[in-house]
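The values are calculated or read from the model by the stated rules, or taken from the named source; none is laboratory data. A quick note: this is a predicted structure, and the numbers were derived from the prediction, not measured. Please note: Cβ atoms are built from the backbone with ideal geometry, for glycine as well, and neighbour counts cover all protein chains shown.
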Ligand SMILES: NC(=O)c1ccc[n+]([C@@H]2O[C@H](COP(=O)([O-])OP(=O)(O)OC[C@H]3O[C@@H](n4cnc5c(N)ncnc54)[C@H](OP(=O)(O)O)[C@@H]3O)[C@@H](O)[C@H]2O)c1
């Protein structure tokens, strides 16, 4: 049995890790740390755990979080996660860590500094983290003890575009349209997540300047692509979901059937990536660790689609998938449930 702790206990990352771990036969969450809720029952905040999990929040102290556990899930905002991880690893250098934030995703410290100015670069520590997108970097994840769990937009874009990069078909301009639900902003209410505002909000934000762009380019270039990415995220009234539509230049004039065959071959055998016969639907994957993808081609563009649940394949589910790999378990343990509709 893997004994694990979670920090950032009141947030959505923690709540999804707890929800998914309930059905995981080999993962036991024994500690949930919180800055402000120490002593309170975990189920008083994550109410779906009432009479399911009998645990109280503990203080968020990096000197104590690692005691007696094999793994720590760090579900803190960027800027808070890095220093916490550094302190934790100074005391427990061999403990497994899965960091959900952006603090260790970018390999180059300078790129990190330019994207996350409030977060220290930790250049030596950063080099010890593997980028945890199992479908692209499974062997590195298996060999590592420290995982930088990908961003939700990055996961959606990478699963949509990696098959093209690997075939040498991604060397030019790519326009990516990402759409997200309100839970992508975390549990703290804000003007753009407050229900009366969000329920009718459909708007672009941070056009061409989202922090996930260097993360997407870094992974695609490691897969053989040289894309020039223009990324525009959009807020939608959904709660869960990241929907990606990526318009890549059709450099070699491939047809729709050929493009689809490339994706089918690439993801054959991948438990969590399903290649569909038509555009995916974010509602269908909500609550699940599945990424549904599809691709088609016009004369000028290869257009790739993906739909994920940002809180599951885009965060906590992928973190558990990575944990399974770190401990040599079946990758799908705790993650078998499909989404639901309605
Ligand atoms: N939401 C998503 O869709 C998503 C997807 C992929 C990755 N991520 C990343 O995963 C991480 C967790 O996301 P989330 O959605 O769980 O965020 P969240 O709901 O805002 O939760 C983060 C938790 O961290 C703690 N915290 C907040 N500010 C802090 C600070 N300054 N110092 C120390 N602790 C602080 C709080 O818990 P306590 O007060 O209880 O300690 C808070 O509830 C973030 O880095 C986020 O960017 C999120």
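Things worth noting here:
- Test: residue in the stretch 248-262 that is under 22 Å from the mean Cα position of the chain (by Cα) and in the same structural domain as residue 305 (by TED's automatic domain parsing): no
- The set of residues from the stretch 123-155 being under 13 Å from the mean Cα position of the chain (by Cα) and under 16 Å from residue 101 (Cα atoms) comprises 131, 132, 133, 147, 148, 149, 150, 151, 152, 153, 154, 155.
- Listed by position, the helices (runs of 4 or more DSSP H) enclosed by the stretch 81-149 that each have at least 3 residues that are farther than 23 Å from residue 33 by Cα are 109-115, 123-126, 134-143.
- Residue 221 meets the conditions (1) more than 15 Å from the ligand (Cβ to nearest atom); (2) assigned to a strand (DSSP E or B) in every case but one. The failed one is (2).
- Failed item in (1) in contact with a strand residue (DSSP E or B) (Cβ under 9 Å, 6 or more places away or on another chain); (2) over 22 Å from residue 216 (Cα atoms), with residue 237 passing the rest: (1)
- Conditions (1) out of contact with any strand residue (DSSP E or B) (no Cβ under 7 Å at 6 or more places or on another chain); (2) assigned to a helix (DSSP H, G or I); (3) farther than 23 Å from residue 130 by Cβ: number failed by residue 340: (2)
- Going through (1) surrounded by fewer than 20 Cβ atoms within 10 Å (Cβ to Cβ); (2) touching a strand residue (DSSP E or B) at 6+ places or on another chain (Cβ under 6 Å); (3) part of a helix (DSSP H, G or I) one by one, residue 263 falls short only on (1).
- Residues that are over 15 Å from residue 97 (Cα atoms), outside any helix (DSSP H, G or I) and near the ligand (Cβ under 9 Å from one of its atoms) within the stretch 12-37 comprise 34, 35, 36, 37, listed in sequence order.
- The number of residues in the stretch 224-245 being in a loop (DSSP other than H, G, I, E, B), more than 16 Å from the ligand (Cβ to nearest atom) and surrounded by 15 or more Cβ atoms within 10 Å (Cβ to Cβ) comes to 3.
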